[in-house]
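Since the structure comes first, as structure tokens, the remarks are kept for the end.
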Amino acid sequence: MKPGSFDRIQLEHAVQRCNPLWVLMVVMLSISLVVWFGVLPNDRRQLAMQDESMQILRTQNLQAPVERVNPAVSGQDLQAVLGHISETEQYVDTLLALVQSLGMTAPTGEYKLSCDAIARLCRYRVRLPLVGSYLQIRAFVEQSLLALPLASLDELSLRREGVGSDEVEAGLVFSLHLAYPAQGQLPVEDVAP
């Protein structure tokens, strides 16, 4: 028998006597030691460097001059953007013309004017019930807000008769934001065009 074969037989016998769980545990222990002494110190150094750079950025941020931008908007600028009470009929006509151009129907509308003397603003509420397809109503809302920048869409409700129905009943409430009238020209509370 060769001397190398005897060593090999001894090694095979030792491996057979060895419990695989102990081998697994030794391998896991060696991996954890490599991670603990090899990888974690490097990660700790990187974390410490990141903390230092973060602290530097915080101090720079605190020391940086702060410029506050406060655009000076005067009441006159706001009044120039708002619509005029004398033109409410034209605004409503614009909305109704958009309804007709899109091929929808608007049976009747409700109109109400309210003014706030303290804020020096008026609001003309236009409630329009529309009947049309969803795409027509969406196009109407987009085009009306583009045509009347002084308007805001306050409410929108959609109702469909059935699942297969193409027609949608929509209730829209627009507010037309208007400049407060000059003294002596106080508007009537409920005005309809």
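Yes/no per residue for (1) under 37 Å from the mean Cα position of the chain (by Cα); (2) surrounded by fewer than 10 Cβ atoms within 10 Å (Cβ to Cβ):
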| site | (1), (2) |
| --- | --- |
| Trp22 | no, yes |
| Phe37 | no, yes |
| Leu40 | no, no |
| Gln55 | yes, no |
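If you go through segment 105-128 one residue at a time, how many are within 31 Å of the chain's Cα centre (by Cα) and in a loop (DSSP other than H, G, I, E, B)?
Residues flagged as within 31 Å of the chain's Cα centre (by Cα) and in a loop (DSSP other than H, G, I, E, B) within segment 105-128 amount to 1.
Mind listing whichever residues of segment 103-137 are exposed (fewer than 15 other Cβ atoms within 10 Å of the Cβ) and either over 18 Å from Gly171 (Cβ atoms) or free of Cβ contacts under 8 Å to residues at least 12 places away in the same chain (or both)?
Across segment 103-137, the qualifying residues are Gly103, Ser114, Asp116, Ala117, Ile118, Ala119, Arg120, Leu135.
Specify which of the listed residues (Val131, Val99) is within 16 Å of Leu156 (Cα to Cα), at pLDDT below 95 and not in a helix (DSSP H, G or I).
Val131
The values are calculated or read from the model by the stated rules, or taken from the named source; none is laboratory data. Here the structure is a predicted model, which is why all the values come from computation and not from measurement. Neighbour counts are summed over all protein chains in view; Cβ atoms, including those assigned to glycine, are modelled from backbone coordinates with ideal geometry.
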